[in-house]
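Coordinate-derived values only; no laboratory data. For clarity, every value in this text was computed on a predicted model and none was experimentally measured. A quick note on method: Cβ atoms are made from the backbone with ideal geometry, for glycine too, and the neighbour counts reach across all protein chains shown.
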Amino acid sequence: MLFSKSKSRLGIDIGTSNIKIVQLRPKDNKFILETYGLVNVAYQLGSKESTSSISQTTTLLKNLIKKSNATATSVVASLPNNVVFTSVIDMPRMPEDELRQAIEFEAKKYVPLPLEEIALSWSQIEDRSSRQIVSEGSQSSFAPDNSKTKVLLTAVPTVVIDNYVRVLKDAGLEPEALEIEALALIRSLVGEDPSTVLVIDIGAKNSSINLVDRGYLRLSKNLTVGGDTVTTSIAQSLSVNFARAEQFKKDFGLTSQGQQIPQIMRPILDIIKNEAMQLINLFESRGQQISKILLSGGGAKLPNLAEYFQILGKPVALANPLGKVVYPAELKGIIEPLGLNLAAAIGLAMRREE
């Protein structure tokens with residue numbers, strides 16, 4: 001059952017460099033922006049956080065909620081892609097209760113942790129045709145068997161979930177759901193687009209490449225490089241501090257001016273580009289086509305980045321997470337530059353009751 005049209009929802013994205021929050025209220029086919037906010041953090045929650053780190057994150061979140069006047073009691077938070085195991089697997093068609101038992105058995109093949117240490121969830125995926133991509137960790141293949149159904153398998157270490165829930169509850173919130181970041185991005189960036197889209201999300205310290213077909217996540221590849229990796233490379237090469245290197249990155253981007261700085265950036269960006277190319281080649285070698293590439297995340301704001309990724313041979317554009325969001329005209333100059341940073345939080349706040 002869908003939630004009431006008048007019910008606001010707060011999306012919380014605890015990333016590697018910021019905590020982002022967005023509160024939306026659904027109205028017809030749009031969402032009214034009620035408030036938003038972001039604050040810098042120095043670390044990411046995971047499985048090995050100290051009590052002090054959790055306490056600091058809680059304090060930052062509480063202050064951010066107070067400062068932004070967020071009031072929604074319905075809260076959805078994201079789990080970053082790099083702490084989540086995802087696979088799209090083929091399963092024989094069978095009744096749902098039997099499928100549940102079979103998936104729990106099959107999960108042992110795909111999740112590199114004991115089942116008692118993870119929270120396992122799954123959802124069936126519609127097939128576009130009988131030839132669809134199947135992910136097995138970092139390996140992928142195609143299976144043409146119509147007698148099988150595709151299942152998105154998601155596993156998260158329970159200690160990670162415990163840390164996130166603790167932060168939210170200590171901040172006075174009651175989490176309605178925890179959702180992997182990739183699904184939130186699909187909701188805000190792709191929506192009901194029926195085509196096959198490659199979403200490249202570039203964060204501060206991590207990036208992800210997400211293959212989305214008719215709104216369904218087919219494959220998610222995580223990379224341990226991001227915008228801060230680029231900045232650090234500039235700082236080391238030019239012997240300047242991080243803040244100065246960050247300004248150089250924003251000023252020069254990948255333009256032809258200041259040749260030294262763009263050349264310093266390229267080896268890092270090539271890692272993302274090469275991974276994306278491998279995925280495209282694999283997918284299209286079986287007769288299917290990726291229609292476009294969308295860039296998201298704070299790192300996607302690097303000048304001329306879209307032009308750089310055109311070497312992949314697909315139309316490339318900056319994503320627009322604000323496409324279904326209504327906000328006052330006077331906020332346009334403030335909220336639009338932040339849109340790419342807020343993409344996951346927006347997608348979380350758009351989530352319907354499931």
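Odds and ends about this structure:
- Whole-number percent relative contact order across the stretch 223-312, with pairs defined as alpha carbons under 8 Å at least 6 apart: 32 percent
- The charge dipole of the chain, taken about its Cα centre with unit charges on the Cβ atoms of Lys, Arg (+1), Asp and Glu (-1) only, comes to about 840 debye.
- For the stretch 223-312, size of Cβ-based charge dipole, Lys and Arg +1, Asp and Glu -1, in debye: 80 debye
- Annotation: the residues ARG286, ARG9, ARG214, sorted from fewest to most other C-beta atoms within 10 Å of their own C-beta, follow the order ARG286, ARG214, ARG9.
- Taking the fewest neighbouring Cβ atoms within 10 Å as the starting point, the ordered list for PHE309, PHE105, PHE85 is PHE105, PHE85, PHE309.
- Label-point separation, LYS169 to ASP28 (7 Å along Cα→Cβ), nm: 4.1 nm
- Label positions at LEU115 and SER55, each projected 7 Å from the Cα along the C-beta direction, are separated by 3.9 nm.
- Over all other residues within a Cβ to Cβ distance under 13 Å of VAL316, the charged ones net out to +2, with Lys and Arg as +1 and Asp and Glu as -1.
- Take the Cβ atoms of GLN259 and LEU331, set R0 to 35 Å, and the FRET efficiency comes out at 0.40.
- For the chain: relative contact order, % (alpha-carbon pairs under 8 angstrom, 6 or more apart): 21 percent
- Cα-based reach from LYS169 at 25 Å (exclusive), listing lysines while leaving out same-chain residues under 8 positions away: LYS7, LYS20, LYS48, LYS62, LYS66, LYS67
- A helix-only calculation puts the chain at -10500 deg cm²/dmol for mean residue ellipticity at 222 nm, using -39500 (n - 2.57) for each DSSP H run of at least four residues, averaged over all residues.
- Structure-derived volume of the Cα convex hull per residue in Å³: which label, when the choices are [x] 219; [y] 146; [z] 166: [y]
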